[in-house]
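The values are calculated or read from the model by the stated rules, or taken from the named source; none is laboratory data. Being a predicted model, the structure only gives us computed values, none of them experimental. Positions of Cβ are backbone-derived with ideal geometry, glycine not excepted, and every protein chain shown enters the neighbour counts.
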Amino acid sequence: MKRGARKWQIGVMGSAADLAYEKNLEYLAEEVGSEIAKVGAVLFFGAEKDYDSLSTAACRGAKKFGGTTIGVTYGKGLDVYEQTSADVIIASGLERGGGRELTLVLSCDVIIALNGGSGTLTEMAIAYQANIPIVVLAGTGGWSDQLAGQYLDARKRVKVEQAQTPKEAVALALQRIKQCYDNAC
């Protein structure tokens, strides 16, 4: 799916492996990545240097279907976790905890979150401040479940939308992108 000459850019945000998420969440993240590839959008994700993550799993899912993937990593250097097979790695030169997340999220037309700890919360807050649509996958826990169906503050900029399946999450993400461009979000 394209707007003009540019493909839609969908970010997938989610817990890093150090939060010991359940294995089934990795499968759901891969499915989200697969669905993004199937619709012809570009998957953006946080490329970790030291361990796996749900975002990295989404990258693997997209690659299974020939999708284009772009990983934004922290610090300098292009070395990332060995299971990351991204097409492009962007070294932000920034650290985890706000810097890298800013570059990552502002590169997206919409973000999809699964589970999530403090990094995912940061990414959701950045999206909210920038009026970037946010979709969460229901039942994945973490900040995704805690913020589903809510606004982050009284300004009511962007409601955190909830989807039940990976396919529904991507379809909803595409709807929100189109609405944003039609209404100049």
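A few remarks follow.
- Verdict on D18 being modelled with pLDDT under 95 and in a helix (DSSP H, G or I): yes
- Flag if A171 is among the small types (G, A, S) and surrounded by fewer than 17 Cβ atoms within 10 Å (Cβ to Cβ): yes
- Count - residues of segment 94-116 that are over 10 Å from M13 (Cβ atoms) and either at pLDDT below 95 or crowded, with 19+ Cβ neighbours inside 10 Å (or both): 11
- Every condition in (1) touching a helix residue (DSSP H, G or I) at 6+ places or on another chain (Cβ under 7 Å); (2) not in a strand (DSSP E or B) is met by G71 except one, and the failing one is (2).
- Of the residues making up segment 59-78, just one is among the aliphatic types (A, V, I, L, M) and surrounded by fewer than 19 Cβ atoms within 10 Å (Cβ to Cβ), namely L78.
- Between E22, E31, E48, E35, the distinction of being within 16 Å of G116 (Cα to Cα), acidic (D, E) and under 16 Å from the mean Cα position of the chain (by Cα) belongs to E48 only.
- Out of E95, E101, E168, one residue alone is farther than 24 Å from R6 by Cβ, among the acidic types (D, E) and within 16 Å of the chain's Cα centre (by Cα). It is E168.
- Scanning segment 21-58 for residues that are buried (at least 24 other Cβ atoms within 10 Å of the Cβ), touching a residue at least 60 places away in the same chain (Cβ under 8 Å) and either at positive phi or assigned to a loop (DSSP other than H, G, I, E, B) (or both) yields Y21, A41.
- Selected residue (only one of L137, L121, L152 is surrounded by fewer than 22 Cβ atoms within 10 Å (Cβ to Cβ) and within 13 Å of the chain's Cα centre (by Cα)): L121
- Subset tally (residues that are among the hydroxyl-bearing types (S, T, Y) and in a loop (DSSP other than H, G, I, E, B)) for segment 89-139: 2
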